[in-house]
1. To the nearest 20 debye, what charge dipole does region 53-132 have about its Cα centre, counting +1 at the Cβ of each Lys and Arg and -1 at the Cβ of each Asp and Glu?
2. Of 409, 433, 452, which is farthest towards the positive pole of region 401-456's charge dipole, taken about the Cα centre with +1 and -1 on the beta-carbons of Lys, Arg and Asp, Glu respectively?
3. Can you give the relative contact order of the chain as a percent, counting alpha carbon pairs under 8 Å and 6+ residues apart?
4. What is the ratio of the Cα radius of gyration of region 358-449 to 2.2 N^0.38 Å, with N the residue count, to two decimals?
5. Can you pull the semi-axes for region 135-214, root of five times each eigenvalue of the Cα gyration tensor, sorted largest first, whole Å?
6. Which listed residue (586, 242, 359) has the Cα farthest towards the positive end of the charge dipole for the chain, taking +1 on Lys and Arg C-beta and -1 on Asp and Glu C-beta about the Cα centre?
7. What share of all Cα pairs of region 296-351, in percent, falls into each consecutive 10 Å distance bin?
8. Across 5 Å bins from 0, what is the distribution of all Cα-Cα pair distances for region 524-641, in whole percents?
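Bear in mind that the values in this text are calculations on the coordinates, not laboratory data. Since we're looking at a predicted model, the values are computed, not measured. In this analysis, Cβ positions are derived from the backbone assuming ideal geometry, glycine residues included, and neighbour counts consider all displayed protein chains.
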Amino acid sequence: MLRKDLPHRVSSLKWVFLITLCVFLALLAFPFTFQAREARAAYGDVLQAAPPHIDSLSPEYGSVGTEVKIKGNSFGGIQSDSYVSFGSNQAQYYLLWSDTEIRCKVPSDTYGKESVTVSTVDGTSNSADFYVPPHIDSIDPDAAPIGCPVEIIGSGFGPGKGAGYVEFGSATASDYISWSNSSIVVRVPRVSGEVSICVITDSGIYSNGVPFEVVQYGVGFAEGYTGNNFQQYLCIGNPNDYAAQVEIYYFLPDSTYLDDEFSVPARSRKTIDVNNYINPYFEAGSEVSTIVFSDLEVVVERPMYFNYQGRWTGGHDVVATPYISKLWLFAEGYTGPGFEEYICVFNPNPDPANLIFHFLTQEAGEIERPGTVPAASRRTFKVNDLLGADYQCSLALESDQYVVAERPMYFDYTGRGNHHWEGGHCVMGQPYIAREYYFAEGTTRPGFEEWLTMLNPYDEPITIIATYQLGEGQGTPVMKSYVIPPLHRYTVNVADEVGGDKDVSVKLASEYYFLAERPIYFRYTGHGASWEGGHCVIGASELSPDWFFAEGCTGSGFQEWICLQNPGDEDAVVEVSYLGKSGVVAVKQYTISARSRATLRVNDEAGGGLELSCQLRVVSGPPIMAERPIYFNFRGWDGGHDVVGYCPVSFGSAATVQSAGLEQGMLLRDLEWEPGEKKI
């Protein structure tokens, strides 16, 4: 009879057998394991896998992005965590990895002579030399005047200049703004014509050569008048370390021209009395448009003083534009009581310019009007007649030729207090629009009324965010949001937003492109004055570490100010060079606190009785924005004018024109034109 627990006993015997077998096998293997450990201890270097070894590189030199073939052995069948190094930079792009061959691309930030190695889990290979010569990919712009900043874009330049340099043909550049492995910003040295740009690195390696053309600097004005009760000047500031050779062409309504040539000494300014030059040819004076050419980058302003129609006295000033365009934009405009608005259009072409005025009004939407400007001439259009009375309007001026356009306005401003502040202001049109605008000047103190006008050029609403930065001790920034209807102009009174008795700088920003201006009307009572008028500017679309003002006066009857806006999160230290007729008058430094504004009275900083230009440069901290209001009593004509500073960094390429999707603009210096018949 079988026992009931027999299956369990068989199972137990089976486990005893298996355990006994494992012990026996372990004892049997022990001597061999012990011998293997002794052998590894004695001969470990022989038994480990060999580290990778490089036999050759092909090619042995090349720029960033070049495909390199590495031949050798023991690289491993797959890459896994292995990598190739060019000096301290690991390759990021691999096309092949096998035990005997690797193909990869030269990584960014590689330059000069580099040691190439292969690293695997079994170690790092021997090194092989690879040379990364500098390579120029492009130059922006590819043509510019002497003294203009040019960006050289490429690779292998090295992290710093060291003993490196840039050649423009036979001339070596001496003024370097920045130098990195992929970008060099340098000013064009004294050289002429078509040259080849070449970069020579700190180790003496030459790059490829890229063609570049040294051209004249050219800027223009549409407005100008030397008739009765108008006085026009040109102020030319030369920020360079050598004299500038200047040519001026004055274009007259009968399609003739006058010209002039002279030199402006280094780091100084020169003032031209346009009335004295034009009026010998015209007993009653003349309308005049102007083009200024120079072998160096200079800054040109055109202040005008007037007794408009014997009714309203004042003055206005604009900075010359380097652009000529088939589209010009203005945000401000008004044909209501006490305002007379004009559009001045200069056509330097050999053919007539056919115009379409697209007025965007708050009252009636878009209204179109035609116009024509003869060849090599200018015309003045009175908006009150074109459009009619009582419109608040922005303007998009369209032309079938490249033209220059300005908008002077004359007024008896009543405002919110029935003031009757008389004067005039003028702005150069804008050939492009942006997503941000900065205004350094602004105040809601007694005797001032400040406005913002914003143009929405789209068929749908846009939102604009305003940041109002107040003067020191006047409070934290004020944020506001505005929804602008489609194809519409929108107006804001700044005092309504921040309150009275404030000094205000403004930043406007949107996800969409727009245009913004800031008119201010006043009775200025500073330092014993009592002068009324108004001024207006289009905001700066960028901040900059460099600004320049050609005009400036601290003589009798003139009070000059510089307003500095720092929207950054760090303090900015700004060096201001005051340049007189024969050179530098004074150099001073100022600290502009983060997220604030500061105001300098130039009469105090540079001294009285001077005609001067001002050059500003940030020596530490973030870029800033700068404006220069001047209040005056000129020959009994009181008022004030204001300009946004000239920003050298923005000049040189039409890219800024096209950045907003507008391709109607070009640089005035690139226009092919004949000046027509010279006035005799």
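1. Computed about the Cα centre, the dipole is about 160 debye.
2. Comparing the listed Cα positions along the dipole, 433 ranks first.
3. Here the relative contact order equals 11 percent.
4. Its radius of gyration relative to the 2.2 N^0.38 Å reference: 1.31.
5. Values: eigenvalues 64, 28, 27 Å².
Three semi-axes, in Å: 18, 12, 12.
6. Selected residue: 586.
7. All Cα pairs, binned at 10 Å, distribute as 14, 40, 35, 12, 1 percent.
8. All Cα pairs considered, the percentages come to 2, 11, 21, 22, 18, 15, 7, 2, 0.
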